[in-house]
Structure formats: structure tokens, C-alpha cells
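For reference, the structure discussed in these notes is given below.
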Amino acid sequence: MGKAVVCSLLRRLSLKKILLIVQNPFAAINLFEVLTSQYLVVEATNAPQALQMAQEHEFSLILLDIERSDESGPGICSCLKESEATKYIPLILLSPHGQKEHIVDGLQAGAEDYISKPINNNELLARVDTHLRTKDYYAELGKQDLLMVLELTEVVSVIRNPQKILRIIVEKMVEVTDVSRCSIISINDQGELIVKASSDLPVNQEIKIELSNYPEIEKALATQRPVVLEDLPNNPLLSSVRDKIGNISDNTIFVFPIIKKQHVIGTFFLRTATPLKGKRAERVFKLSQIVANAAGNALENAILFESLQSSRKIFEELALRDGLTMLFNHQYFHTSCEEEFSRAQRYHQPLSCLFIDIDDFKKINDRFGHIVGDVVLKQIGGLIKKVLRKSDVAARYGGEEFAVLLPNASKDGACELAARLLSMVRSLFVQQLKGRQVTASIGVSSYQGDNMSAYENLLQLADDAMYAAKQTGKDRFCHADSLTSEEGMKDTEITFEKQITLF
């Protein structure tokens, strides 16, 4: 017998055995091919046959493939977990996507894990590898390592701030191992890589990195398996980024995918300045696997926390907006008026307000329908947005009425903006109106030189001025100051055509 054959036999004998229970022989073909590359696989088609084989072989893991139309999967789980020969062997369910009741029943019957079909081969091998690690696998870890793991377990269970947990994990790993960099990287919904915590970043600082610059991370994400690179200056995997990394001072890279609920949510990344060989490299590798698992829960919570924060901000923002025009609503406008009026009084700055009402809007609704009326409201809301400064606040005040608050804007500036808006509304083309022109009436009021005592006065005067513009012919604006003089009332009858450039 040749030496190569002997080596091959010895290798096969050292491989761990997996019991694969598949009722459909055609479904077993792909699974068998994937698994036999690294393990010895024995097939069975039912529980009695599986129990018989368990008497003849010492299996390290059982995979049970549940068919879509089959309801005996949980029953097979129960048989295996009740038998002395198989009750302590880890059991993974392979269940069709969407068959949650089978998964729940199987887990209640004693299964340790499940993978949804269609099965990703890399995910399958990664999950199998995780379950096949025995307690002896970590026997070489030292007292200092185990104390760190114990401390991290305590940290994860006590501290509620996920970002702080990630930072502690990074700091402890650097403290216990000889690494030049330790980072925890997440993947957001857009597929971007965000460094959430790193030994070479300030506390609470995050940065975005490009996946194309990190082929080692790309490989770990694609295979869902750990990646170890040595001799970095000459490693072929880094050839595509050789010109970017230059004379890299590190010697070894470890990348561990962080997997939660069958999805890769990030990576645990380490670099060492000195070469790691033999037991020293093995120690860092195994310790990193434990720490990556601990980081998984914190990273998942951090991602969930950010998602909730983002969703909360979106919902809070929507609660302040008018659903049709997406301008602010009546309530938010009043709150802003009160704040800005108080600020204007304190710092002796001007503050102006515009009330805008669409002329004859009821006729538009009656003739063309409310859907067309909504189109008009949305388009006028869009025109108002175009002329706003960042400090201005615009709202749909009610029905066909809009309001705009202009901090640090004088009477002249507010009137110029009103004239500009009138011209823009007059030029608005709405196809559904079949040529009918849209116009508006605008009331303007200004706080300047302590001429009023409360923000309600500012709003009331703008509203009064708007009604005055209506009464004097529509399609025009009126400033509240003109309401007290006959000469001023004549001024409001002028329709301004000039384009204003102040805003």
C-alpha cells in the first residue's frame, strides 16, 4: 500500500462523523458533496435506521432534513433525543424557509439549531464547524484568557450600552494578546462596513471603510469562515491592494465573521505586528473565536439600537409633518413661533410671518375634484420649500392655508418674499386644471422694535392682513402695517411682478 494511500486513510479515520437523515435521496446529493469534503458522512432515511447506525458509529453531529410536506420531522427529533445513543449528539434541523411551525416543534423536541433552506454551503459548513468544537478545543487557553472570557461574559450581562460593550471587548483583547489592532466591524442595511470599535480609534468614533480595500474581510464574509493571513507583504490575497497598503508593518491578520440568526452582521478583525506560529497562533485564533461570539450579541444589539433610534426619529419627524405636503403641521408651527418670538425679543432681532391662502380653492375642488385639489396643495407646498432659508419654518396651517415664519427678516425682506411667492404661484402650471390659473393672497406681519408683546399678535396680524388682501382683489399681498392707514390700503392693491433676489 503506497504512502499516499495510507495518509489518505489516516486522514479519513481522523475526520469527525456526521449522521445525515434525509428522506428524499435527491435532496441528499448536494449536502453529501458539501459535507464529505471535510467530514465522514453516513446517511439514513428514518429514525429507526438512524438509531441503528448510531449503535455502529460514534457520530459527532446529526443533520435532519425536513421536507416541505413532511410533518414527521419533530417526531424524529423526539426519537433521537430520547435514545441513549443519540440524546447528547448536537442536532441541526434543515427546514424549508417559511416553515416556522416545523422549526418550533423541532426545537421544542430537543434540536440544538436550525438552518433555513435553500441552504448556503458556506453557512452550512460554518454552523457545522461551530457545533463540532468540543470542550477540549479550548483546553490550551491560559488562566489569563479564561479570566478575560469570564469578565466579558459579565460585561455583556450587566452593561446595557452595546457600544460600550464593543469598546471593552476591543480593549480587553488588545490587553491579553499581542495584537497591533483589534476592531469590530458591522454591516449596515446598505451593505456598508462601519468600524464600530477599534483599538486605534478614539472612544465613540466610528468610520466607514470600503470593502474593496479589505480582501481578507471580503473573503471572510463570502465564505462565512475565519480567514488567517500570514507574511502579509507577499500574501497573494492582498495583491489587489498592494499599492494601497504600502510597506505594511503587520505580519498576521485574523478575520472572524460574526453570524447571528443565519446572517453575517459583521467581523472581528485583528492584526499582529509579530509573526504568530504554533501554539501561540492557535491560542489567539481560539480566543478570538470566543470573543467574536461574545461580540455578536453586543453588535446585534448595537445595530438594533441604531435602527430603533433611526425609526424613532423618522416617526417623530412624521408626527410633526403634514402628510400631504410634508411641510410642518399647525402644532409645530405654533411651537416654533413661540420659540422664535422669544429669541427675537431677547436679542432684539426682527421676525416676520406670512399667511398664504389659495384663492377660490373651493371652486377648484368643486369643479375638478379633491384629488386635483390635493395636487395643487402639494405643488404650492413645493414652491414654498424652494424659497425657504434653513432657518425658516413653513407649515400647512389648515385646509388651503400655509404659514411661513422668517427669523431675522425685516418688513421689507418679508414683503419681497411675498411678492416672489405670488409670482411663482401665478406661473404654476397644473395640467389637471386645463389652463385655469392658480393665485394666492398673502398676509405679512413683522415684529421689529418691540411693536408687539406676544407671538400670537404676530400670527393674528398676518391673518388679518391676508384677509385684507382677499378683500382688495386677491392675487396680492398686504402687510399688517398698512391696515392702519388709508394710504397703506391703497398700496396693497398693487400686484408685484418683479423677481426678488434677497431670499
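Numbers at a glance
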{"item": "Members of the range 455-484 found to be more than 15 Å from GLU401 (Cα to Cα) and acidic (Asp, Glu), listed by number", "result": "GLU456, ASP481"}
{"item": "Top-ranked residue in the range 376-397 [being open to solvent by 10 Å² or more (accessible area, probe 1.4 Å) and in contact with a helix residue (DSSP H, G or I) (Cβ under 6 Å, 6 or more places away or on another chain); ranked as nearest to GLY413 (Cα to Cα)]", "result": "VAL393"}
{"item": "Unique residue being more than 30 Å from GLU82 (Cβ to Cβ) and either in contact with a strand residue (DSSP E or B) (Cβ under 6 Å, 6 or more places away or on another chain) or in contact (Cβ under 8 Å) with a residue 12 or more places away in the chain (or both) when the list is GLU123, GLU112, GLU171", "result": "GLU171"}
{"item": "Residue in the range 66-78 that is open to solvent by less than 60 Å² (accessible area, probe 1.4 Å), in a helix (DSSP H, G or I), modelled with pLDDT under 85 and within 17 Å of ILE18 (Cβ to Cβ) present", "result": "yes"}
{"item": "Lone unmet requirement of (1) more than 15 Å from PHE269 (Cβ to Cβ); (2) in contact with a strand residue (DSSP E or B) (Cβ under 6 Å, 6 or more places away or on another chain) for LYS143", "result": "(2)"}
{"item": "Condition check for LEU406: over 29 Å from ASP366 (Cβ atoms), crowded, with 20+ Cβ neighbours inside 10 Å, modelled with pLDDT of 95 or more and of a type outside the set (Val, Ile, Thr)", "result": "yes"}
{"item": "The range 117-150: number of residues that are open to solvent by less than 80 Å² (accessible area, probe 1.4 Å) and either under 23 Å from LEU93 (Cα atoms) or modelled with pLDDT of 75 or more (or both)", "result": "22"}
{"item": "Residue that is open to solvent by less than 20 Å² (accessible area, probe 1.4 Å), within 16 Å of ILE258 (Cβ to Cβ) and touching a helix residue (DSSP H, G or I) at 6+ places or on another chain (Cβ under 9 Å), where the choices are ILE169, ILE187", "result": "ILE169"}
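The values are calculated or read from the model by the stated rules, or taken from the named source; none is laboratory data. It should be emphasised that the depicted structure is a prediction, and the values quoted were computed from it without experimental measurement. Neighbour counts run over all protein chains shown; Cβ positions are idealised from the backbone, glycine included. The accessibility values were calculated without ligands, DNA or RNA, using every heavy atom of the protein model including side chains. Shrake-Rupley method; radii C 1.70, N 1.55, O 1.52, S 1.80 Å.
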